[in-house]
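Reading through the structure tokens given below for one structure.
The values are calculated or read from the model by the stated rules, or taken from the named source; none is laboratory data. Predicted, not measured: the structure shown is a model, and the values here were computed from it. With ideal geometry, Cβ positions are generated from the backbone for all residues, glycine too; neighbour counts draw on all protein chains shown. Note: accessible area is taken over every heavy atom of the protein model, side chains too, but ligands, DNA and RNA are not part of it. Shrake-Rupley method; radii C 1.70, N 1.55, O 1.52, S 1.80 Å.
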Amino acid sequence: MDRKTKKKEGGAKRAQRASSNVFSNFEQTQIQEFKEAFTLIDQNRDGFIDKEDLKDIYASLGKTNVKDEELESMLKEATGPINFTMFLNLFGAKLLGMDGEETILSAFRMFDPDGKGHIHKDYLKRMMMMQADKFTAEEIDQMFKCSPIDAAGNLDYKSFCYTITHGEEKEE
């Protein structure tokens, strides 16, 4: 076996390991949630997400005017047919590109000069609707539905950051 052949085989093994290693990037509960999402999207239950599956899922959400080019563009994000492992790879790449917990906490701390660990939801809503990438009231209300907000209307942003970066908050 010459050096070139050996190098190619090593690269193939590395690529195979990297794709199967995607499961180690997620907790078991996250993998289960991705599996449920994959199953919802895989409308024809053939184990792969294709253009027809995407059309069907959009139609089930009331959007029937999706262009084929849009669907093909989505499918081209994958390097091959979209089975569950590829689906995890796609989301893993997107999620791992997300800011870390400390970065998100730092952003929230800018709105909490006293370091109380919480921000009143009305103040946060105003800021998010007026600054940079402006959010809509609906987007913010949706975020608040899954946010730890106390009776006084304060968002516990440390818990919220944990949920954003790790999934649902763990029972302690």
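Brief remarks on what is shown
- Any hit, the range 100-117, residues being over 20 Å from the mean Cα position of the chain (by Cα), at pLDDT 90 or above and open to solvent by less than 40 Å² (accessible area, probe 1.4 Å): yes
- Candidate set from the range 140-161 (those that are among the hydrophobic types (A, V, I, L, M, F, W, C) and either more than 21 Å from the chain's Cα centre (by Cα) or on the phi > 0 side of the Ramachandran plot (or both)); member that is least open to solvent (accessible area, probe 1.4 Å): LEU155
- The set of residues in the range 1-34 being open to solvent by 80 Å² or more (accessible area, probe 1.4 Å) and modelled with pLDDT of 85 or more consists of GLN28, THR29, GLN32, GLU33.
- Listed by position, the helices (runs of 4 or more DSSP H) inside the range 64-160 whose residues that are among the β-branched types (Val, Ile, Thr) number at least 1 are 84-96, 101-109, 137-145.
- Test: residue in the range 83-92 that is under 30 Å from GLU52 (Cβ atoms) and in contact with a Lys or Arg (Cβ under 7 Å, 6 or more places away or on another chain): yes
- Flag if LYS170 is open to solvent by 70 Å² or more (accessible area, probe 1.4 Å), basic (Lys, Arg) and at pLDDT below 90: yes
- Any hit, the range 36-56, residues being within 23 Å of THR165 (Cα to Cα), out of contact with any Cys (no Cβ under 9 Å at 6 or more places or on another chain), among the hydrophobic types (A, V, I, L, M, F, W, C) and at pLDDT 90 or above: yes
- The lone exception for LEU96 - which of (1) hydrophobic (A, V, I, L, M, F, W, C); (2) at pLDDT 90 or above; (3) loosely packed, with under 14 Cβ neighbours inside 10 Å it fails: (2)
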